[in-house]
Amino acid sequence: MSRIGKAIVSVPDGVSIDITKGNFVTVKGKNGTLTENVDPDLTLKVEDGVLSVERPTEQKRHKAAHGLYRSLLNNMVVGVSTGFRKQLELIGVGYRVSNTGNLLELTLGYSHPIIFEIPDDLSLTTKMEKGEPPTIILEGADKQLLGQVCAKIRKYRKPEPYKGKGIKFSGEIIRRKAGKTSGKKK
C-alpha cells in the first residue's frame, strides 16, 4: 500500500469537508473554499475529524492516484486552515519591487518595468528595507496556484550561476560557478 496514500488527513476544527456524487470534494475553512474532482475509483471517508482515501485494487494507476489525491486533499485542508506562504528575493544592483493592490511592479534591469497582476486568491506584500534585498511575499490557500505564480515571477529573471543575480526563493542556495581566469600566457 502507498505510504503516502494510507496516511490519514486530520481535519482541524473550523474546516468542513463536503463530498458529493462523483467524488467532487469541497473543503471550507477560515481562509476560503477549495474544490477538487477526485478519481471516481477511489473511496473517500470522513469520520471523527479524519479523512481517509482508499483504493479498490493494486493496479499501477490506482496506486499512483491513491497517493496523489491524498496529498492534494491534505494540501487543501492545510491551505484553508493555516494557508501557505512563499517569499521571493531580488538579488542585483538596481533591482526594485513595489505593489499597488494586486499589481506587482518589478524593475529588473530591463529597459522597462514589468507589471504583473497577481490573482485575487493570493495576498501580496513587498518589502524594500535598507541593507536587505527587495522581497516579495505571497500568501494563499491554494498551494498549486501559489507555486505557479511564484514560478512565473521567477521566470522574468532566473538566478544566474556566476554572480547569483536574479529572483530566488528565500533560503534557496544558488549553485555558483567559477568565472573565467584571465592571465598572460607564456
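The condition (being modelled with pLDDT of 95 or more, of a type in the set (Val, Ile, Thr), part of a strand (DSSP E or B) and more than 15 Å from the chain's Cα centre (by Cα)) is satisfied by just one residue among Ile136, Ile115: Ile115. Pick out the one residue from Val77, Val46, Val93 that is farther than 29 Å from Pro134 by Cα, more than 23 Å from the chain's Cα centre (by Cα) and among the hydrophobic types (A, V, I, L, M, F, W, C). When all the criteria are applied, what remains is Val46. Across the range 145-175, the number of residues qualifying as polar (S, T, N, Q) and either in a loop (DSSP other than H, G, I, E, B) or surrounded by 15 or more Cβ atoms within 10 Å (Cβ to Cβ) (or both) comes to 1. Of the listed requirements (1) at pLDDT 95 or above; (2) in contact with a Gly (Cβ under 6 Å, 6 or more places away or on another chain), Asp121 misses just one: (1). Checking each residue in the range 64-101 for being touching a helix residue (DSSP H, G or I) at 6+ places or on another chain (Cβ under 7 Å) and either part of a strand (DSSP E or B) or open to solvent by less than 40 Å² (accessible area, probe 1.4 Å) (or both) picks out Gly79, Phe84, Lys86, Leu88.
Of the residues making up the range 1-27, those that are open to solvent by 50 Å² or more (accessible area, probe 1.4 Å), within 24 Å of the chain's Cα centre (by Cα) and among the hydroxyl-bearing types (Ser, Thr, Tyr) are Ser10, Ser16.
Specify the residue that is modelled with the lowest pLDDT; the eligible residues are those in the range 1-31 that are outside any strand (DSSP E or B) and of a type in the set (S, T, N, Q).
Taking the range 1-31 first, the residues outside any strand (DSSP E or B) are 1-8, 11-15, 21-23, 30-31.
With of a type in the set (S, T, N, Q) added as a condition, the list becomes 2, 23, 31.
On the way: Ser2: 62, Asn23: 86, Asn31: 92.
Here the residue is Ser2.
The values are calculated or read from the model by the stated rules, or taken from the named source; none is laboratory data. Note that the structure is predicted; figures quoted are calculated from it, not measured. Counting neighbours? That spans all protein chains shown, and the Cβs are built from the backbone with ideal geometry, glycine included. With ligands, DNA and RNA removed, areas are computed over all heavy atoms of the protein, side chains included. Shrake-Rupley method; radii C 1.70, N 1.55, O 1.52, S 1.80 Å.
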